[in-house]
Amino acid sequence: MGNLMNCPQCGKLFVKVIRDNCDVCYLEEERQYDTVYRFIRKSENRNSTLLDVSVGTKVPENKIIQFIHQGRIRVKGYPNFTYPCDGCQSPINDGRLCEECKTRIKSDLSIEDFIKRKQEEALPSYHTDDN
Ligand SMILES: [Zn+2]
Ligand SMILES: [Zn+2]
């Protein structure tokens, strides 16, 4: 069963079943993902920065970062492509934390817990409540 809620992206009322945004925004996001994915796969875009990709695809930078955080886009092999570390904002190229933050966080909680917590903040919650 779904609950009626407002889409966080466009404010439209919709029935939440699996996703936290409405069908229109979901489809838009998939389209954006597809555009980014195709763009960075082209060899001539291999030296792109985050800004280049954003300009080239017309997808906002924070949306591209979201795809990276979700693990749907990988930019490890792209020498100029960096985005801010989730912990300290310094530029990184893989995962969501720089080495320094990984080390620091390891001391109080595990990275898995940290990432899980961040994902729960940022992503639709697929877990438990409805089961
Ligand atoms: Zn929406
Ligand atoms: Zn950091």
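The values are calculated or read from the model by the stated rules, or taken from the named source; none is laboratory data. For clarity, every value in this text was computed on a predicted model and none was experimentally measured. Remember, those area values only see protein heavy atoms, side chains included, never the ligands or the DNA or RNA. Shrake-Rupley method; radii C 1.70, N 1.55, O 1.52, S 1.80 Å.
Ignoring lysines fewer than eight residues from residue 118 along the same chain, the ones with Cα atoms less than 29 angstrom from its Cα are 12, 16, 58, 63, 76, 102, 106. Solvent-accessible area per residue in the chain equals 66 Å², computed with a 1.4 angstrom probe and all protein chains kept. Share of the stretch 21-82's accessible area from carbon and sulfur, percent, 1.4 Å? On the stretch 21-82, the fraction of accessible area on carbon and sulfur atoms equals 49 percent.
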